[in-house]
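**Student:** Below is a structure I'd like to ask you about.
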Amino acid sequence: MQIATYLLQNHTIMTLQEIIQPANKVYGKTPLLTDTPMHYCPGCSHGVVHKLIAEVIEEMGIQDITIGIAPVGCAVFAYNYIDIDWQEAAHGRAPALATAVNRLLPESCVFTYQGDGDLAAIGTAETIHACNRGENIAIFFINNGIYGMTGGQMAPTTIEGMVTSTSPEGRDVMLEGYPLKISNLLTILDGTCYVTRQAVHTPATVIRAKKAIRKAFENTLAKKGTSVVEFVSTCNSGWKMTPHQANQWMAEHMFKVYPLGDLKDQ
Amino acid sequence: MARNKGAVVVNIERCKGCHLCEEACPSDVLEMNQQTNAMGYHYAYMANAEACTGCVSCAYVCPDACITVYRVKS
């Protein structure tokens, strides 16, 4: 019996060695993602979106002209993970800083990377005005419905009935208002050319999200105006769930309020 | 039945053991190891290597880009 197991293991190892050859490689970490381990919690959606942005920049060959604007929030250290030029904005002011960078360096490809506490709360004015001016930037918006970094407090995007550390009985819309669908608001502004809502919880949605990121960068290079890509995301630590449970909860509850798909494409 | 043969290599020190690759794998190839890495996480490994088709589902959903996928067409 022991001999049989040994043979089986040996056979498996040999087969694997034959498969694991550079010529057979179909997918791996893009060199644009640095070797610094990301500080995000296990299973956090930020990592997937970082990876997709890095892959698209690499595939389009725009590493030298791309400038990212890092936010305040969990993604504040984004500049440590993607090997491009970055600027760090004050809380919520990423679209204002992106405006400045793009106007000073018009040939650059500028994008902001913001969470919902950054973009849809303290930075609402900057977001709306940058989009209304039609600044030639891409905005990547991670919407997980809470303030993840500071301990899972209720955010403007928190859905009705959602339990957070500051709404332990669930969000009461009579007291705290309705969830802010800021991407829908941005569609009515003439400055936006592309507004879409994506997710990254399954292989299929990841592929669609990557296409949306690519389109946003292509719009920026074509100087078409502001592109907004919202990612409905999880914060499993803040939601007090496992990563898989958080994905299921998001698909069941968040997608009703934030349905996926293109909201505007001109 | 002819199917592609695949294999994944997990960057053990980057893996945080979030189980998302395990949930995404349609062939139940991946599991979390009993061993832990330097960060203290149970990292993913191929528990059922023969079933792997190299479909890349695990690597697509991996938040830490730890998975490299190899595939041989049969």
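**Student:** If B:CYS52 satisfies every condition in (1) buried (at least 20 other Cβ atoms within 10 Å of the Cβ); (2) at pLDDT 95 or above but one, which is the exception?
**Tutor:** All conditions pass for B:CYS52, except number (2).
**Student:** Let me ask something else about it. What about B:VAL61, is it open to solvent by less than 20 Å² (accessible area, probe 1.4 Å), modelled with pLDDT of 95 or more and within 17 Å of A:HIS201 (Cβ to Cβ)?
**Tutor:** On the way: open to solvent by less than 20 Å² (accessible area, probe 1.4 Å): yes; modelled with pLDDT of 95 or more: yes; within 17 Å of A:HIS201 (Cβ to Cβ): yes.
Yes: the conditions hold for B:VAL61.
**Student:** Of the numbered conditions (1) hydroxyl-bearing (Ser, Thr, Tyr); (2) at the interface with another protein chain (Cβ under 9 Å from one of its Cβ atoms); (3) in contact with a helix residue (DSSP H, G or I) (Cβ under 8 Å, 6 or more places away or on another chain), B:TYR41 fails exactly one; give the number of that condition.
**Tutor:** (3) is the only condition that B:TYR41 fails.
**Student:** Would you pick out the residues in the range A:158-185 that are without any contact (Cβ under 8 Å) to a residue 60 or more places away in the chain, open to solvent by less than 40 Å² (accessible area, probe 1.4 Å) and either of a type outside the set (S, T, N, Q) or under 30 Å from A:VAL101 (Cβ atoms) (or both)?
**Tutor:** Passing the criteria: A:GLY170, A:ARG171, A:VAL173, A:GLY177.
**Student:** Of the residues that sit in the range A:17-40 and are part of a helix (DSSP H, G or I) and not charged (D, E, K, R), which one is least open to solvent (accessible area, probe 1.4 Å)? If you could, list the steps in order and put the result at the bottom.
**Tutor:** Residues of the range A:17-40 that are part of a helix (DSSP H, G or I), as a first pass: A:17-19, A:22-24.
This time we only want the ones that are not charged (D, E, K, R), so: A:17, A:19, A:22-24.
Details: A:GLN17: 113, A:ILE19: 10, A:PRO22: 111, A:ALA23: 96, A:ASN24: 35 Å².
Among those residues, the one meeting the criterion is A:ILE19.
**Student:** Now for a different question. Could you list, in sequence order, all residues of the range B:1-38 that are touching a residue at least 60 places away in the same chain (Cβ under 8 Å), facing another protein chain (nearest Cβ under 7 Å) and basic (Lys, Arg)?
**Tutor:** Across the range B:1-38, the qualifying residue is only B:LYS5.
**Student:** Name the single residue, out of those in the range B:1-21 being out of contact with any Gly (no Cβ under 9 Å at 6 or more places or on another chain) and surrounded by fewer than 18 Cβ atoms within 10 Å (Cβ to Cβ), that is modelled with the lowest pLDDT.
**Tutor:** If we take residues in the range B:1-21 being out of contact with any Gly (no Cβ under 9 Å at 6 or more places or on another chain) and surrounded by fewer than 18 Cβ atoms within 10 Å (Cβ to Cβ), then B:MET1 is modelled with the lowest pLDDT.
**Student:** Applying the selection to the range A:212-249, what residues are surrounded by fewer than 19 Cβ atoms within 10 Å (Cβ to Cβ) and more than 13 Å from chain B (Cβ to nearest Cβ)?
**Tutor:** Residues satisfying the conditions are A:ARG214, A:GLU218, A:LEU221, A:ALA222, A:LYS223, A:LYS224, A:LYS240, A:TRP249.
The values are calculated or read from the model by the stated rules, or taken from the named source; none is laboratory data. Keep in mind it's a predicted model, so treat the numbers as computed, not measured. With ideal geometry, Cβ positions are generated from the backbone for all residues, glycine too; neighbour counts draw on all protein chains shown. Please note that ligands, DNA and RNA were not included when accessible areas were found on the heavy atoms of the full protein model with its side chains. Shrake-Rupley method; radii C 1.70, N 1.55, O 1.52, S 1.80 Å.
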